[in-house]
1. Under a 1.4 Å probe, what is the accessible area of segment 99-193 per residue, stated in Å²?
2. How much FRET efficiency would the formula 1/(1 + (r/R0)^6) give for I410 and N383, where r is the Cβ-Cβ distance and R0 is 60 Å, rounded to 0.05?
3. Suppose each label sits 7 Å from its Cα in the direction of the beta carbon; what would the Y120-F81 distance come out to in nanometres?
4. Which entries of K129/K266; K129/K168; K165/K266; K187/K254; K70/K312; K56/K119 have Cα-Cα distances beyond 30 Å here?
5. Determine the dipole magnitude for segment 255-389: charges of +1 sit on the beta-carbon of Lys and Arg, -1 on that of Asp and Glu, nothing else is charged, the reference point is the Cα centre, and the result goes in debye to the nearest 20.
6. Quick one: Karplus J couplings for segment 44-56, per residue in order, coefficients 6.51, -1.76, 1.60, θ = phi - 60°, nearest Hz, x for Gly and Pro?
7. Starting at the first residue of segment 350-358, write each ³J(HN,Hα) from the Karplus equation 6.51 cos²θ - 1.76 cosθ + 1.60 with θ = phi - 60°, in whole Hz, x for Gly and Pro.
8. Using 0.36 nm per residue of separation minus the Cα-Cα distance, give me the extension gain between F68 and A403 in nm, one decimal.
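The values are calculated or read from the model by the stated rules, or taken from the named source; none is laboratory data. Just so it is clear, the model here is predicted, and its values are computed rather than measured. Here the Cβ positions follow ideal geometry from the backbone for every residue, glycine too, while neighbour counts run over all protein chains shown. We work out accessible area using only protein heavy atoms, side chains counted, and drop any ligands, DNA or RNA first. Shrake-Rupley method; radii C 1.70, N 1.55, O 1.52, S 1.80 Å.
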Amino acid sequence: MSLSCQTISTRLGVLKLNCKGLLFLLVFTISVCGSASGLCPTACICASDIVSCTNKNLSRVPGTLFKFIKRLDLSYNRIAFLEPEWVPVLFDKLNTLIINHNSISSIITGSFSTTPNLKYLDLSSNNLKTLGSPLFQELRVLEVLLLYNNQITQIDSAAFGGLYKLQKLYLCCNSLSHFPLDLYIGKHKLTELVLLDISYNHIQSVPIQRISLVPAKRLSGIYLHGNPFYCDCTLYAMLIYWYHRHFNSVVDFKNEYACVLRSDPKGSNKLPLLHDNFLNCSESTINVSFHAFGFIHEAQVGERLIVHCDSKISDAGTYFIWVSPDNRLLEPDKDTDNFKVFHNGSLEIIDPQLEDSGLYSCIAINKRRLLNETIEVRINVSNFTVNRSHAHEAFNTAFTTLAACVASIILVLLYLYLTPCPCQCKTRRRKRKLPQSSAHSSILNSTPSQDPPADEKKSTSGKRVVFLEPVNEPKQGQNGKVRLFPKETVIAESILKTTRAKSDSDSVNSVFSDTPFMPSS
């Protein structure tokens, strides 16, 4: 049977088609309709809006995929790098893209311009080494990003810039040596991130003081287990606090947290980090960390204090109740004496007193999600005036002691350097004097006293002055010394007093027990 020309009547007129024209029109219509509705590539399996092209030795995305697919699986292929045209068509409905277990070593900016509505991207088990900036800026609605089991050693601070909706980031099993703090603090921080898995990397220390600023809702999802941490009491205190807060990242992997001593860099002997009495860490060190994470709050008498309830479920619809140390319920819109609770969970103590110290409990309840959490907070109220007076007294005592020590030192120095010449100097001076006579070291001259006037006689009665006059008779061996007797030491000058009876007042002679008697002339 052969095809002949036929006349086809239509409302628009008569269309004449020959055999070749009719065949060409049929093929064109099928091809156009097929590409519009989508043809499943021979290397893939298609099911409704899901296409799986796993383990087909592909190096790029097939170009015949229909546009309305929502999930594309390209795992276990030979894709080596991602560039702006690696996906040939715009897939504006695609929300899940799986490219794990390929050979991807680099990602060029703009590679995801044809898949702008991705919510789930799996790039795990590839050969990525560094993440430059910015790589994923087109993915404004991405929520989950899997980058585990690569060889990533460095992440640029802006590598994840533009991922405003990202909630979960998996960086496990890479070669990171530093905690990616830019994800939480800085210009490109991810405000919606609630899970960060950086377990089994090469991280040895964590910036604990800066991490403490992260809200518990985001903090509870940081997984750090399997890293070769250096043993540190501050790190121990942070993990203990997380454990008491029932963070799944610590509770579920308690036995995977270990550390090595700094003296053992090879890590031949790992110590369990969450073991009781770890390294005999002092209570003060632990309290410092608890202060940083908001578990302990200090207040002064009379100074208003506001304590926040840092709950993991502090989203819309959460109701907060506080329990005081004396078991009183403190609720929003119900002022109780000195306390006030706000709808965001914060507790205000208007006029703190010493008796307000103790352990408070914040209970967060979310009925819609059927969740609840209890957070314990310790508040210490102290009297600044009393503390200051004690400190002032201690300062005065210390200052007085110091001043006494300084004064003592000054007096000793004055005594050493400003006192008269010591004995050796006197001996030298005496050696310079002329030699004296050895027969008589001195002559006692007693000057007879004349009868004094009546008014002076009373005051001078019974007193005589004796002068020592050396005799200039030098002899060898005397060395110029003045002696009263050959075997006695001289006293340079003295006033000799003698007591006598009134009847002897006119006597010109004075008798001394061991002085030769010299009659007056």
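1. 41
2. 0.90
3. Placing both labels 7 Å beyond Cα along the Cβ direction yields 3.0 nm.
4. Cα-Cα > 30 Å for K165/K266; K187/K254; K70/K312; rest within.
5. That gives segment 255-389 a dipole magnitude of about 540 debye.
6. 10, 10, 10, 9, 6, 9, 10, 10, 10, 10, 7, 6, 10
7. These are the phi-based 3J(HN,Hα) values: 5, 9, x, 10, 4, 6, 7, 5, x Hz.
8. Answer, rounded to one decimal: 111.7 nm.
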